[in-house]
Amino acid sequence: MKKIFTLLLVSSTLFIHAQAFKGKGDTKFDLGANIQDGGSGIRLSTDFGLGENMSFGFVSSYLLSVNRNSAGEKPNFEDRFDAKIRFNANIGNVMNLDSKWDVYPGLDISLKNFGGHLGARYFFSEGFGVFSEIGFPIAKYDPTTYGFQNLNNQFVFNIGASFNL
């Protein structure tokens with residue numbers, strides 16, 4: 001619990017940022033913390049606007065704090081790392097929310113699974129704010145995953161900062 005609290009505190013201090021989605025040509029960069037069962041880590045993502053309400057991007061995550069298994073082993077790099085390509089529907093303006101808010105459901109294809117995500121951003125200014133996102137697998141590439149293979153094949157919670165580039 002101490003590790004999770006410390007990670008949340010550091011994340012909220014170091015990773016505070018946000019940006020409004022402007023549409024085609026808009027680029028954002030997210031830096032945040034990844035929290036899930038069995039581990040927590042860091043996450044980097046970038047999204048590129050395709051149209052008024054659509055974007056695509058890339059995500060990578062690496063788990064820093066991982067529980068040992070019953071044999072006392074730690075996971076390998078490939079168990080800790082994941083990379084994704086994603087598509088978002090930026091619907092904050094469709095929902096008639098204040099322009100400081102953006103809500104974005106989406107789909108992603110990763111090295112581990114096909115999944116979905118739902119996120120929200122709040123913008124303190126045009127290039128500064130916070131975000132939160134949940135992610136979940138829809139279909140695992142290997143349905144018989146076990147042990148460390150489940151680290152990137154489960155529900156995840158992400159918090160952090162977003163920068164408008």
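The values are calculated or read from the model by the stated rules, or taken from the named source; none is laboratory data. Since the model is a prediction, treat every value here as computed from it, not as a measurement. Don't worry about glycine lacking a Cβ; one is built from the backbone with ideal geometry, like all the others, and counts go over all protein chains shown. Heavy atoms of the whole protein, side chains included, go into the accessibility calculation; ligands, DNA and RNA do not. Shrake-Rupley method; radii C 1.70, N 1.55, O 1.52, S 1.80 Å.
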Scalar couplings 3J(HN,Hα) for the stretch 104-119 by Karplus 6.51 cos²θ - 1.76 cosθ + 1.60 (θ = phi - 60°), nearest whole Hz, x for Gly and Pro, are 9, x, x, 10, 9, 10, 10, 5, 9, 6, 9, x, x, 8, 9, x
Qualifying chymotrypsin sites (Phe, Trp or Tyr not before Pro) for the stretch 123-157 [loop in DSSP, other Cβ within 10 Å: at most 14]:
141, 146, 155
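Report in % the part of the accessible area of the stretch 103-143 that belongs to carbon and sulfur, leaving out ligands and nucleic acids; probe 1.4 Å. Intermediate results must be reported in sequence, preceding the final value.
Values: 1400 of 1960 Å².
Accessible surface attributable to carbon and sulfur in the stretch 103-143 totals 72 percent.
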Accessible-area order (highest first, 1.4 angstrom probe) of the listed residues 133, 52, 78
52, 78, 133
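Rounded to the nearest whole Å², what accessible area per residue is found for the stretch 108-164 with the 1.4 Å probe?
Here the residues of the stretch 108-164 average 48 Å² of exposed surface.
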Under 14 Å Cα-Cα from residue 100, which aspartates and glutamates qualify once same-chain neighbours fewer than 8 residues away are excluded?
126
